């Protein structure tokens, strides 16, 4: 109050700095902190939240500097928005920590809607990601102002592909949400569309074969334009491709992208199982990428091969070209992973088998390539309930011998999970130097005396005390409705999949069958032999 009894203002600059920060933090916490440039129905909501932060940033220069940290912390753009990134000043590009490029493809057809797709449209889709990445590199090559030698100085580059038709036909339960715009309690699908097999938010029949191939279509590999691009993006230190990019970026394009990210330190790839007889081709492409084009500076690798158990059950119709449940990983992928060097974290789920990795590692000389490894996580089919006990014990013995090569190891997790089944074996080291062996799952995992002796000896070599849980922590198999539930209830300590991806898997699994007895599918409208021959001519025969 002033001398006249009227309210008076207090100058901002005279407030203590601690009080200023408390006020700014209070205002920021009330608003959404991520900048989205969306073309979806949420565009208005996103702009509204961004508008509140932008208004706060216009109060004064002090407020502008504070709130622009939230405005530019994460930017989401489509390929048409890349030209606008040129207009962002260098001081603001330094505030961008996460850049998500959402590549939008052309719409595709649907039999139910009586709209036929054409091959030319599909081939044009194959060129869109390549062009988008060329334009992206043209922008990122100028972002050299930040100190990328600092742990937080590098940029997280996220890539995804989608089509507007993805949510309009048979797969109306899939998710394309953001990591920070995700309500775990929100239902993804509440649609009622009987002609596409949806009643009150639940699927009443299995999807047809054509929508599956539209959603997971593998483009014809060609010579990418990005191969001719000489620009590099040293500002990028982390590359993220989540499961919602169901159409995988062409491998030739991905190879060229790796070569143009010279400071890449972490790689998170969430791939999808290839259907229709192309499983071996997908494994061959993955192993080729790891052997020939893997960035040598990368120290943290997360590989996750996702699958839809609904589609798996559909493709088990008796044809030799269909994928069966519990697809056996290609040993070549495990061997390729064993050939990596200087890794600090390695997580590979469903794309490789730990048995193949340990076997390949056993035949490699001890050259200290794994001396920096602290976190290791890998799935193995040996941890299924029907596996003979002798095979399980052999896997755990091989794991103990492999751990001797990892002097910095803090966590090793061997696990497996899918609908109705989950199992985990964990070896961990606490801060006080104590080692602990923990088991959890839907079935009893016994430990033989030889296995106990091998792990106890390892603890002695590391000069630590070994604590081995006597009883296994049991999980009700009815809680495991998908491999996402298995990850959740096992409580994996390693980040085997992005948290948003895990929520998507669990929510999408809520719409799984049961369905009426299913009939074998029609002839494929995609000739998988034709596609296999094209890939073989590009990469060699798998």
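Here, each number is a calculation from the coordinates, and none is a lab measurement. Please read these numbers as outputs of a predicted model, since none were measured by experiment. A quick note on method: Cβ atoms are made from the backbone with ideal geometry, for glycine too, and the neighbour counts reach across all protein chains shown.
Could you run the Debye sum over the Cα atoms of region 60-102, one equal point scatterer each and no solvent, and tell me log10 of I(q)/I(0) at q = 0.16 Å⁻¹, two decimals? Log10 I(q)/I(0), no solvent term: -0.43. Each peptide among 81-88, 256-263, 346-353 gets the average number of other Cβ atoms lying within 10 Å of its residues, and from highest to lowest they stand as 346-353, 256-263, 81-88.
The listed peptides 493-502, 241-250, ordered by packing as a protection proxy, come out as 241-250, 493-502 (highest mean of other Cβ atoms within 10 Å first). Model label points for residue 384 and residue 443, set 7 angstrom from Cα along the Cα-to-Cβ axis, are 0.9 nm apart. The calculated FRET efficiency for residue 462 paired with residue 259, based on their beta-carbon distance and R0 = 45 Å, is about 0.70. Multiplying the residue separation of residue 111 and residue 478 by 0.36 nm and removing their Cα-Cα distance gives an extension gain of 128.5 nm. Summarising the overall dimensions of region 359-440 from its C-alpha atoms, the Rg and Dmax are 13.6, 41 angstrom. The C-alpha atoms of region 336-476 occupy a region whose extents along the principal axes are 41, 33, 24 Å, arranged from largest to smallest.
Taking label positions 7 Å along the Cα-Cβ direction at both residue 128 and residue 86, the computed distance is 2.3 nm, reported to one decimal.
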